[in-house]
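Remarks on the structure that follows.
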């Protein structure tokens, strides 16, 4: 029996245009609790889990007991933008083309149920199926969420691909031997993404779709072979 070849897409920041909103909301939430952190530093930490992000941006200034209220403040601020969230222009066509080529598509979503529901609705704006049968692995960013996503479809990392937009996601994929295609939808530089381990870097989803025949996503990869259509 041939193993499943899966392509994992991060919802927030890769398929749905919202990464910069998180930067602003974390920056404002931190300021509410007296932490004056440069916005660029916050942006560079996106793609981490909440605990890792706060540790990265606050360092020794992180105070016990503040994580939950800062996180709640971020969620409240970010919720103001939820009605405006939209998918990137090529998100729908790219997902449909990957499925048509034989890839098992799995989406990666946040652990918070409300935010996950919002992102699913945002993706639905592009006429994508977002019913209960949509395969979504929800949880904090990191290797464990990637492993859970692969387990959903009984896929092996070496036969699968992650499409993501931050350095931390690329590094998480590398830790479990999962090839990663990076897109610059969050404004991260090509060199940073490649140094982190990305095997391909594309300007956006449209550029990836246009170059799909020359990409790792050209065909599902099984045991190192490229099966015909």
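Taken together, the values in this text are just the output of simple stated rules run on the coordinates, not laboratory data. These numbers come from a predicted model, not from an experiment. Heads up, the Cβs are rebuilt from the backbone with ideal geometry, glycines too, and the neighbour counts pull from every protein chain shown.
Remark: the residue 96-residue 80 segment gains 2.7 nm on full extension, using 0.36 nm per residue and subtracting the alpha carbon distance. Run through the DSSP bridge list for the chain and note the antiparallel percent, rounded to the nearest 5. Here the antiparallel bridges make up roughly 10 percent for the chain. For the peptides 11-22, 56-67, 179-190, 108-119, the ranking by mean Cβ contacts within 10 Å, running from highest to lowest, is 11-22, 179-190, 108-119, 56-67.
Compared with the alpha-carbon gap, the fully stretched path from residue 52 to residue 210 is longer by 53.4 nm at 0.36 nm per residue. Cut-off 18 Å, label point 7 angstrom out along Cα-to-Cβ of residue 148: give me the residues of the range 46-67 whose amide nitrogen falls inside. Within reach of a label on residue 148: 47-53. When each of the peptides 41-47, 191-197 is scored by the mean number of other C-beta atoms lying within 10 Å of its residues, the order from highest to lowest reads 41-47, 191-197.
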